[in-house]
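K.L.:
Mind having a look at this structure? Questions to follow.
Only the coordinates and a few stated rules stand behind these numbers; no lab work does. Please read these numbers as outputs of a predicted model, since none were measured by experiment. Glycine also receives a Cβ, built like all others from the backbone with ideal geometry; neighbour counts cover every protein chain displayed.
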Amino acid sequence: MKPLAPVAIAGIGCICSAGLVLKECMDFLYKGKRNPAPPVNFSTKLTFPVFEVLEDFFQSNLFEENNILRTCKLALTATLEAISDAGFDRKILETKRVGACIGTNVGCSMHDESFANDGNTPFITPVNRFLFSNPTSSIASEFKMTGPLQTVVNACSSGSDALGLAASWIRSGICDIVITGGADEMYQITYTGFKSLLINDDSPCKPFDVNRKGLNLGEGAAVFILVSQEIEKEMKKDPRAYILGYGSATDAFHHTKTRPDGKGLKLAIEEAMETSGATLSDIAFINAHGTGTLDNDLVESRVLYEMFPGVPFFSTKGYTGHTLGAAGAIEAAFTIACIEEGRVPASVGFTTSDPEMPPAYPLQQNATINGNTALSETLAFGGNNSVLILSTGEHPA
């Protein structure tokens with residue numbers, strides 16, 4: 001497979017429980033602390049810890065539409081940071097071919113309990129709120145965009161897949177600029193649904209640890225501004241990074257379990273590497289999916305040991321929880337920030353190795369890294385595997 005042209009990332013925005021902007025998030029990760037707790041944004045009798053954004057983050061005075069659901073508010077907040085980070089303003093978004101491609105799970109669910117529970121005198125306001133609350137449409141409406149729109153709903157890989165699709169729009173000349181990423185809020189049905197699957201940890205999650213019991217859920221958004229080569233030349237600053245490669249493959253095995261031999265993940269990695277033109281020696285580190293579930297971590301560790309021997313890896317879900325449709329995007333943002341800083345955070349929660357896993361363990365301490373290229377991977381329900389190769393240089397070092 002022939003390597004594809006790198007796609008420039010002009011700006012990045014990120015919000016999650018670790019911070020309201022990307023810099024805050026990274027500072028939090030390097031401290032090695034975390035703060036999961038039972039949910040407070042909705043009522044529940046369950047006490048499994050989650051990672052919520054507890055601050056009043058949405059600055060309503062900055063946006064035209066406020067009657068929207070929380071997922072859209074997270075997406076718009078991250079978008080505003082990304083636009084500012086790129087050095088753009090609203091005018092350029094109105095005059096160029098601008099598309100939007102956002103991954104989500106909750107953001108496309110009809111989950112307005114205030115309407116569903118009011119059987120006697122329902123109001124139309126909750127319905128209008130739902131109709132305005134597709135995160136992709138919210139971004140397009142807010143910034144007066146006229147390009148293509150796509151909402152990707154592909155379970156936990158939605159954010160990564162959105163980035164991969166958006167990059168193809170740039171490469172094919174469909175768009176000058178694409179606003180892309182992922183967003184998902186903490187939501188009652190998701191929370192109780194994962195409980196029914198028996199994969200919630202009742203304590204802070206422990207990715208790759210022998211005592212791992214499952215995941216903690218989280219919420220947040222990460223948004224990227226992708227630009228064409230023409231726009232890149234017009235910019236007053238260098239791009240933050242580049243998408244070098246993207247790969248996606250399915251396990252065709254089980255609705256929720258990862259295929260034991262990791263075939264789907266291996267195929268996705270191979271495609272991402274081939275389209276990027278990168279080699280094993282180019283990969284400085286790997287931001288693993290690392291949910292803390294028994295099957296996922298076991299299979300993922302075996303694949304990484306086989307395909308990337310000696311390459312350091314870690315999971316950031318111990319700091320943010322599993323943000324579902326936003327996870328791939330948030331972790332891509334973290335990956336780029338790590339390359340820029342030349343260091344990566346410890347994989348919090350890991351203390352004891354699992355004898356069933358190969359002798360390769362996630363980082364237990366913050367570490368410095370060399371190189372400008374890294375891999376971020378996402379494994380999803382439905383057996384989907386998505387992999388991004390990201391770099392702060394147009395081509396691998």
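K.L.:
Could you name the lysines whose alpha carbon sits less than 20 Å from that of LYS195, not counting residues in the same chain fewer than 8 places away?
P.N.:
LYS45, LYS206, LYS213, LYS257, LYS317
K.L.:
Once both labels are modelled 7 Å past Cα along the beta-carbon direction, what's the ASN41-GLN188 spacing in nm?
P.N.:
Output for this residue pair reads 1.5 nm.
K.L.:
According to the square roots a ≥ b ≥ c of the eigenvalues of the Cα gyration tensor, what is the shape class of the range 243-391, taking rounded for a/c under 1.5, prolate for a/b larger than b/c otherwise, and oblate for the remainder? Provide the component values of the computation, followed by the final result.
P.N.:
Working: a/c = 1.39, a/b = 1.12, b/c = 1.24.
Cα axes put the range 243-391 in the rounded bin.
K.L.:
Still on this structure: Would you work out if the range 7-234 is rounded, prolate or oblate? Take a ≥ b ≥ c from the square roots of the eigenvalues of the alpha-carbon gyration tensor; rounded if a/c is under 1.5, else prolate when a/b is larger than b/c, oblate otherwise.
P.N.:
On the way: a/c = 1.94, a/b = 1.34, b/c = 1.45.
Taking the square roots of the gyration eigenvalues as a ≥ b ≥ c, the range 7-234 is oblate.
K.L.:
Any chance you could list P(r) for the range 300-357, counting all Cα-Cα pairs in 10 angstrom bins from zero, rounded to whole %?
P.N.:
Distribution as computed: 19, 47, 32, 1 percent.
K.L.:
What is the order of ARG343, ARG90, fewest Cβ neighbours within 10 Å to most?
P.N.:
Values: ARG343 15, ARG90 12.
Neighbour counts put them in this order, fewest first: ARG90, ARG343.
K.L.:
Could you order the peptides 210-218, 282-290 from most to least packed, using the average number of other C-beta atoms within 10 Å per residue?
P.N.:
Details: 210-218: 21.8, 282-290: 25.2.
The densest-packed peptide leads the list: 282-290, 210-218.
K.L.:
Place the peptides 202-208, 155-161 in order of packing, highest mean first, counting for every residue the other Cβ atoms within 10 Å and averaging per peptide. Intermediate results must be reported in sequence, preceding the final value.
P.N.:
Values: 202-208: 21.9, 155-161: 30.1.
Taking the mean over residues of other Cβ atoms within 10 Å, the ranking is 155-161, 202-208.
K.L.:
Tell me whether the chain comes out rounded, prolate or oblate; compute the Cα gyration tensor, take square roots of the eigenvalues as a ≥ b ≥ c, and use a/c under 1.5 as the rounded threshold.
P.N.:
On the way: a/c = 1.62, a/b = 1.07, b/c = 1.51.
Oblate is the answer for the chain, as a/c is 1.5 or above yet b/c matches or exceeds a/b.
K.L.:
Separate question: Of TYR319, TYR191, TYR242, how do they rank once you tally other Cβ atoms within 10 Å and put the fewest first?
P.N.:
Working: TYR319 30, TYR191 18, TYR242 25.
Arranged by neighbour count, lowest to highest, TYR319, TYR191, TYR242 become TYR191, TYR242, TYR319.
K.L.:
May I ask you to compute the full-extension gain from ILE174 to LYS237, defined as 0.36 nm times their residue separation minus their alpha-carbon distance, rounded to one decimal in nm? Before the final figure, lay out the partial values.
P.N.:
On the way: separation 63, 0.36 × 63 = 22.68 nm, distance 2.35 nm.
Extending this stretch completely gives an extra 20.3 nm.
K.L.:
Which of the helices in the chain meet the span-like rule: DSSP H, Cα axial reach of 15 Å or more, Kyte-Doolittle mean at least 0.5? List each step's numbers first, then the result.
P.N.:
On the way: long enough: 70-86 (24 Å, 0.43); 158-171 (20 Å, 0.39); 263-276 (20 Å, -0.19); 294-307 (20 Å, -0.17); 327-341 (21 Å, 1.08).
Within the chain the helices that satisfy the rule are 327-341.
K.L.:
Note down the magnitude of the dipole of the chain about its Cα centre, charges +1 on Lys and Arg C-beta and -1 on Asp and Glu C-beta and zero elsewhere, to the nearest 20 debye.
P.N.:
On the way: 30 positive and 44 negative charges, 6 e Å.
So the magnitude is around 40 debye.
K.L.:
Can you order the peptides 1-10, 291-300 by their average number of other Cβ atoms within 10 Å per residue, highest first? Write down the numbers at each step before the final one.
P.N.:
Numbers: 1-10: 19.1, 291-300: 23.3.
The packing order, highest mean first, is 291-300, 1-10.
K.L.:
Over what distance in Å are the Cα centres of the range 31-90 and the range 292-353 separated?
P.N.:
Each part reduced to its Cα centre gives a spacing of 22 Å.
K.L.:
So, one more: What is the gain in length, in nm to one decimal, between GLU64 and THR279 on full extension, counting 0.36 nm per residue of separation less the C-alpha to C-alpha distance?
P.N.:
Numbers: separation 215, 0.36 × 215 = 77.40 nm, distance 4.61 nm.
Stretched out fully, the GLU64 to THR279 stretch lengthens by 72.8 nm.
K.L.:
Subtract the Cα-Cα distance of ASP27 and ASN370 from 0.36 nm times their separation in residues, and report this length gain in nm to one decimal. Working shown, then result.
P.N.:
On the way: separation 343, 0.36 × 343 = 123.48 nm, distance 1.97 nm.
Taking 0.36 nm per residue and subtracting the Cα distance, the gain is 121.5 nm.
K.L.:
Sticking with the crude label model, points 7 Å out along Cα→Cβ, report the distance from SER196 to ASP295 in nm, one decimal please.
P.N.:
Roughly 1.7 nm, to one decimal.
K.L.:
From the residues LEU390, THR323, VAL311, which one has its Cα farthest along the dipole of the range 243-391 in the positive direction, the dipole being from +1 and -1 charges on Cβ of Lys/Arg and Asp/Glu about the Cα centre?
P.N.:
The listed residue farthest towards the positive side: THR323.
K.L.:
222 nm [θ] for the chain, helices only, -39500 (n - 2.57) per DSSP H run of 4+, per residue, to 500? Don't jump to the answer; show the numbers that get you there.
P.N.:
Details: 13 runs with 128 residues, N = 397.
When only DSSP H runs of four or more count, the value is -9500 deg cm²/dmol.
K.L.:
Amide H to amide H, which residues 5 or more places from LEU217 or on other chains are under 5 Å from it, using H placed in the peptide plane?
P.N.:
Sorted by chain and number, the residues that satisfy this are PHE51, HIS322.
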